[in-house]
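Worksheet: one structure, shown below.
The values are calculated or read from the model by the stated rules, or taken from the named source; none is laboratory data. All of these numbers come straight from a predicted model, not from anything done at the bench. In this analysis, Cβ positions are derived from the backbone assuming ideal geometry, glycine residues included, and neighbour counts consider all displayed protein chains.
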Amino acid sequence: MKINLRIWRQANGDSPGKLVNYTLERVNPNMSFLEMLDLLNEQLIKSEQSPLEFDNDCREGICGSCGMVINGIAHGQAKLTAACQLYMRNFQEGETITVEPWRATAFPVIKDLVVDRSALDRIIAAGGYISVRNGAAPDANSLPVNKADSDRAFEYATCIGCGACVAACPNASASLFTAAKIAHLALLPQGQPERKLRVKKMAEQMAQEGFGDCSNHGECQAVCPQGISLDAIAKMRREYIRSLF
């Protein structure tokens, strides 16, 4: 199939960027989106042009590396799908596809589609951890956890830290990402020692990094490849209020 591409090219964070047009003629519908970009890079290298830079690693929708905006939607139009798991059969013959990096002040462009997402790491470092000695797996089984709480904690723990929530949010808020970790640990006994301090530190770090606040648009939930609900943000709000007393 033939695909027309409009891709954001930017040499570095200090240089102006622009959308550049490319055409691919031999795209297999069973290719993943990233395999299609690999094909583009082969074409660019053969013509002695600079290859496109884009983040990727596992290509299995697990690591969260492959963040990009496809036709105006973080990760593309397929629901509950990271960009690496999006396939070219989701597009039409001759379609024009626009590909851009995550857009947020806290995610400065490094090159082309690659952005610096280390702000998310710093939010986790501020409080998204436990300090108790948990022991080996058999010891963990000795701590009874309510099944409903366990299921909810697991849902929140599935966050892959891709940053799609930030890219989709009109406020560039990292609330869903931050809330997922806060809610995950707040529901488990291992997370109780730092419970109050955790939410304060992570919320403060999120603000310091330049992310906006949540105004309940729900765009984050719509594009999250793991389907994490806005309920996590409500849980974070309650945890923050709880930490004040």
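Report yes if some residue within the stretch 108-131 is outside the structural domain of C63 (by TED's automatic domain parsing) and aromatic (F, W, Y); otherwise report no.
Yes, some residue in the stretch 108-131 is outside the structural domain of C63 (by TED's automatic domain parsing) and aromatic (F, W, Y).
So if I check each of L52, L37, L19, L44, which one is more than 14 Å from the chain's Cα centre (by Cα) and assigned to a strand (DSSP E or B)?
Selected residue: L19, the only one of L52, L37, L19, L44 that is more than 14 Å from the chain's Cα centre (by Cα) and assigned to a strand (DSSP E or B).
Please go through the stretch 205-220 and pick out each residue that is outside any loop (DSSP other than H, G, I, E, B) and touching a helix residue (DSSP H, G or I) at 6+ places or on another chain (Cβ under 7 Å).
Those that are outside any loop (DSSP other than H, G, I, E, B) and touching a helix residue (DSSP H, G or I) at 6+ places or on another chain (Cβ under 7 Å): Q205, M206, E219, C220.
Please pick out the residue among G64, G13, G17 that is surrounded by 12 or more Cβ atoms within 10 Å (Cβ to Cβ), on the phi > 0 side of the Ramachandran plot and in the same structural domain as F91 (by TED's automatic domain parsing).
G64
Being at pLDDT 95 or above, under 22 Å from C162 (Cβ atoms) and not β-branched (V, I, T), is that true of even one residue in the stretch 17-27?
yes
Restricting to the stretch 56-78, name every residue that is over 20 Å from T23 (Cα atoms) and touching a residue at least 60 places away in the same chain (Cβ under 8 Å).
G61, I62, C63, G64, S65, C66, G67, I73, A74, H75
Restrict the check to the stretch 85-99 and report whether at least one residue is part of a loop (DSSP other than H, G, I, E, B) and under 16 Å from C224 (Cα atoms).
Yes, that holds for at least one residue.
Please return the ranges of helices (runs of 4 or more DSSP H) entirely within the stretch 142-186 where 3 or more residues are over 20 Å from A74 (Cα atoms).
In the stretch 142-186, the matching helices (runs of 4 or more DSSP H) lie at 147-157, 175-186.
All but one of (1) touching a residue at least 24 places away in the same chain (Cβ under 8 Å); (2) under 18 Å from G127 (Cα atoms); (3) part of a helix (DSSP H, G or I) hold for P193; which doesn't?
It is condition (3) that P193 fails.
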